[in-house]
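The values are calculated or read from the model by the stated rules, or taken from the named source; none is laboratory data. Note that the structure is predicted; figures quoted are calculated from it, not measured. Counting neighbours? That spans all protein chains shown, and the Cβs are built from the backbone with ideal geometry, glycine included.
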Amino acid sequence: MRRRLHTILYLAAVLTFPMLCTGCGEEASQQTKDCYRTLRVERQDYTLYRSFAVKLESRKNTRLRPQVSGRLTKIYVKEGARVKKGEPLFVIDQAPYLAAVDAAKAQVSTARAALSTAQLNLEGKQKLYEQQMVGEYDLRRARHAKEEASAQVEAAEAQLVSARTQLGFTTICCPVDGVIGMIPYRVGDLVDPSSGPYLTLASESNYIYAYGALSEEALSELLRDFGCSSLDELPTKLPAVRLYSNWGEKMPVEGHIDAISGTVESENGATYIRASFFDATEIFRSGSNGYIEMPYVMHGVIVVPQEAVVDIHDKYLVYKVVDGKAVETEVNVLHYDDGQNFVVTAGLAPGDVIIAEGAGFVTDGIEVTEKKEKKGGEQS
């Protein structure tokens with residue numbers, strides 16, 4: 001009988017224990033459900049960074065095109081090669097241009113011989129005129145013949161200069177120190193100044209321009225934030241900027257916005273800006289994309305973590321803790337941010353306590369248990 005009683009009590013204990021554990025878990029869950037980290041907001045100095053997408057272009061980005069027609073006979077460089085200013089890159093067939101130079105030289109010689117003959121004739125006419133053996137008409141004709149021969153010499157010499165210039169155009173040299181792009185031609189291809197793609201692109205690789213676009217609103221904000229009365233004044237007051245590639249590579253040196261378009265594009269309402277950078281590493285190349293970051297130091301502002309803010313259709317809400325309860329409060333924030341915090345322009349005052357995390361799970365009016373901070377930032 002006693003053994004049966006012990007068995008019944010054991011079974012009852014086994015069946016009751018899970019129910020007690022479930023109840024404890026529910027009670028513990030209910031106790032930690034409304035426990036949040038809170039933040040007492042105060043005014044502070046804060047640096048916020050504006051980001052602008054940019055297109056990179058070399059300061060000297062030259063498309064090399066032939067100035068004379070002909071077939072390529074030599075290509076001295078490989079695609080992507082580093083080159084120096086004045087270094088020869090391509091040679092176009094020189095044979096017809098050498099022949100043109102020789103013909104022009106012969107024309108110069110002929111013209112000079114004709115000039116010598118006209119000069120001798122004029123001298124003879126002059127002596128005969130002094131002896132009254134010919135009239136003034138013959139003397140004038142001799143002078144005009146000499147002047148015409150002189151003009152023919154000048155024309156022939158000009159033709160020779162032109163022929164030599166054309167011959168010079170058959171050798172295409174690099175106009176900058178930098179790098180060469182792709183070359184769509186091969187030896188033997190026919191090139192022409194008026195048709196076909198350019199021979200290659202020569203880019204100065206250590207000085208980069210970054211071109212971006214500002215909306216009218218963003219431009220107005222910059223003028224206001226930096227206290228500028230005119231657009232001409234703005235570049236002198238803007239701080240140094242940093243350049244980043246789309247994959248996160250940062251240029252080691254800072255640059256400056258040194259040009260702002262004086263007009264607004266009618267298609268997109270944008271105003272274009274240009275920032276200049278000297279890139280000794282030459283990691284950033286012409287034609288690539290990136291973005292620049294511009295710092296803006298604000299004094300005496302209220303800053304809250306983005307985890308503390310709920311965005312509902314461009315309506316921003318935080319939850320103030322008042323008498324131990326969460327109170328839904330609408331705030332205004334700057335529309336640009338750093339991805340971690342918001343700058344609050346209205347809706348909060350110094351000393352207000354807000355729920356600092358998980359605001360999206362908070363319900364208006366719930367009782368809030370504050371998480372306490374341990375040393376080192378650990379939470380209990």
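The condition (being surrounded by 12 or more Cβ atoms within 10 Å (Cβ to Cβ), hydrophobic (A, V, I, L, M, F, W, C) and in contact (Cβ under 8 Å) with a residue 60 or more places away in the chain) is satisfied by just one residue among ALA145, ALA114, ALA158, ALA163: ALA163. If you check SER215 against the conditions, is it farther than 30 Å from ALA113 by Cβ and hydroxyl-bearing (Ser, Thr, Tyr)? Yes; evaluated as a whole, the condition is true for this residue. Against the list (1) modelled with pLDDT of 95 or more; (2) among the polar types (S, T, N, Q); (3) touching a helix residue (DSSP H, G or I) at 6+ places or on another chain (Cβ under 8 Å), the condition ASN121 fails is (1).
For GLU282, only one of the following conditions fails: (1) out of contact with any strand residue (DSSP E or B) (no Cβ under 7 Å at 6 or more places or on another chain); (2) surrounded by 16 or more Cβ atoms within 10 Å (Cβ to Cβ). What is its number? Against the list (1) out of contact with any strand residue (DSSP E or B) (no Cβ under 7 Å at 6 or more places or on another chain); (2) surrounded by 16 or more Cβ atoms within 10 Å (Cβ to Cβ), GLU282 comes up short only on (2). Note on segment 210-261: residues that are under 30 Å from GLU282 (Cα atoms), in a loop (DSSP other than H, G, I, E, B) and out of contact with any strand residue (DSSP E or B) (no Cβ under 8 Å at 6 or more places or on another chain) total 4. Among the residues in segment 211-222, are any more than 23 Å from HIS335 (Cα to Cα) and of a type in the set (S, T, N, Q)? Within segment 211-222, none of the residues are more than 23 Å from HIS335 (Cα to Cα) and of a type in the set (S, T, N, Q). Filtering segment 316-351 to residues that are surrounded by fewer than 14 Cβ atoms within 10 Å (Cβ to Cβ), out of contact with any helix residue (DSSP H, G or I) (no Cβ under 9 Å at 6 or more places or on another chain) and within 27 Å of THR369 (Cβ to Cβ) leaves VAL322, ASP323, GLY324, GLU330, ALA349, PRO350, GLY351. From the list VAL134, VAL176, VAL161, VAL153, the lone residue that is touching a strand residue (DSSP E or B) at 6+ places or on another chain (Cβ under 9 Å) and among the hydrophobic types (A, V, I, L, M, F, W, C) is VAL176. Flag not set for ALA106, criterion: surrounded by 16 or more Cβ atoms within 10 Å (Cβ to Cβ) and outside the structural domain of MET182 (by TED's automatic domain parsing).
If you go through segment 39-64 and keep only what is surrounded by 16 or more Cβ atoms within 10 Å (Cβ to Cβ) and not hydroxyl-bearing (Ser, Thr, Tyr), you end up with LEU39, VAL41, LEU48, ARG50, PHE52, VAL54, LEU56, GLU57, ARG59, LYS60, ASN61, LEU64. Against the list (1) within 30 Å of GLU233 (Cβ to Cβ); (2) among the hydrophobic types (A, V, I, L, M, F, W, C); (3) out of contact with any strand residue (DSSP E or B) (no Cβ under 6 Å at 6 or more places or on another chain), the condition ALA349 fails is (1).
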